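Heads up, the thing below is written out as structure tokens.
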Amino acid sequence: MTKVTILGCGATYGVPLVGGRWGLCDPTNPKNERTRPSVLIEQNGRSLMIDIGPDFRLQSVRAQVAPDTIMITHGHWDHIAGIGELPYYLEEVLKRDLDIYADKKCMSFIRSMFPYLFFDEEVKGTTSIVGYGDRKQYRILWHCIRAYEPFEANGIEMFPFLQNHGSLNSLGVRIADFVYSPDVKSFPERSWKYLADIGTWILDCDYWKPSDSHGDPETVLKHIYQFNPKQVYLTHMDEKMDYSVLKSWFEERGYTHVSPAYDGLEIDLCSD
Ligand SMILES: [Zn+2]
Ligand SMILES: [Zn+2]
């Protein structure tokens, strides 16, 4: 049994924006209030969070979660800024070591932002990269991953693949027949096999208008036409993407299995 919780499904600046602007979103619909993109995966008593953005503190409070394993999809600040919370979190909340998985490029960017969380430490003859909590009791264990090389994180089988995200690639990830695809415009051909026979797909739909780096409704339809997933939830939505308007846009075209996600949405993946 696997459960996915949407901790956040907003675009880079969240909804409402700084200063309280709701754009085209109806402020009376709670489903329009969106923190930065992140999901929690729970499987057989283990859990794993994907991305740790600037709303990590708020998300951990709302969902009452304390993840000890995190995978990061790419080095944009809306997916990594919550790392600044970790020195306190490690010592006072988690009280054990924390594992973080990211690719080389993402890791070097995080290292440039948070150099005080990276040390080379000798462990049994090999050198690992670690960070410490405020009192140096617990460690962050940094693990370098690569697209197309499956890995196991906290007992969960992860299959990372590349996604075209403008000037920077992001990692999508497949777990059984669930796929998480934030921050993507298109998929390189090598990633297509990871998108076959999807049960539930969380997919980028940032804007109404096409862009070079993110999804939009027409682009989402192209992906659905190509890969034929059973269920799609949209994520990374900006302040112009009103929940009800976007949901109706897909329903009117016959895509009743496509729906915007919302913060706090829990999805049970029943196929496993
Ligand atoms: Zn993003
Ligand atoms: Zn991004």
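Spacing of the modelled spin labels on LYS209 and ARG111, each 7 Å from Cα toward Cβ, amounts to 3.9 nm.
Each residue of the stretch 137-144 is assigned a 3J(HN,Hα), and the resulting list reads 8, 10, 10, 8, 9, 8, 10, 8 Hz, derived from the Karplus form 6.51 cos²θ - 1.76 cosθ + 1.60 (θ = phi - 60°), x at Gly and Pro. On full extension, the segment bounded by LEU58 and LEU141 gains 27.5 nm, given 0.36 nm per residue less the C-alpha separation.
Which of rounded, prolate or oblate describes the stretch 2-267 when judged by the alpha-carbon gyration tensor and an a/c cut-off of 1.5?
prolate
Give me the lysines in straight-line cross-link reach of LYS193: C-alpha distance below 22 Å, same-chain residues under 8 apart excluded. Leaving aside lysines fewer than 8 places away in the same chain, those within reach of LYS193 are LYS185, LYS222, LYS230. Positive contributions from Lys and Arg (+1) and negative ones from Asp and Glu (-1), summed over other residues with Cβ under 11 Å from the Cβ of VAL130, come out at -3.
Of all beta bridges DSSP finds with both residues in the chain, what is the antiparallel percent, to the nearest 5?
Close to 60 percent.
On the beta carbon distance between GLN226 and TYR148, with R0 = 30 Å, the FRET formula returns roughly 0.95.
Just rank TRP22, TRP201, TRP142, fewest to most, by other beta-carbon atoms within 10 angstrom. Neighbour counts put them in this order, fewest first: TRP22, TRP142, TRP201.
Couplings for the stretch 172-177, taken from phi via the Karplus curve 6.51 cos²θ - 1.76 cosθ + 1.60 with θ = phi - 60°, read x, 9, 10, 10, 6, 9 Hz in order; Gly and Pro are left as x. Rounded to the nearest 10 degrees, the angle from helix 104-113 to the longest Cα principal axis of the chain is 70 degrees. Let's test the formula: R0 of 35 Å, r as the Cβ-Cβ distance of TYR13 and LYS193. What FRET efficiency results, to the nearest 0.05? So, using R0 = 35 Å, E works out to roughly 0.55.
Sequence-ordered 3J(HN,Hα) estimates for the stretch 94-102 from the Karplus curve with 6.51, -1.76 and 1.60 and θ = phi - 60° stand at 6, 6, 7, 5, 10, 9, 10, 10, 7 Hz, glycine and proline given as x. Between ASP26 and LEU168, the FRET efficiency estimated from the beta carbon spacing at R0 = 30 angstrom works out to 0.40.
Can you classify the stretch 42-146 as rounded, prolate or oblate using the Cα gyration tensor, where a ≥ b ≥ c are the square roots of its eigenvalues, rounded means a/c under 1.5, and otherwise it's prolate if a/b beats b/c and oblate if not? Because its axes are fairly even, with a/c under 1.5, the stretch 42-146 counts as rounded.
Each reported figure results from applying straightforward, stated rules to the coordinates on display, with no laboratory input. In this text the structure is predicted, and so the values were computed from the model without any measurement. Cβ coordinates were reconstructed from backbone atoms using ideal geometry, including for glycine residues, and neighbour counts include every protein chain displayed.
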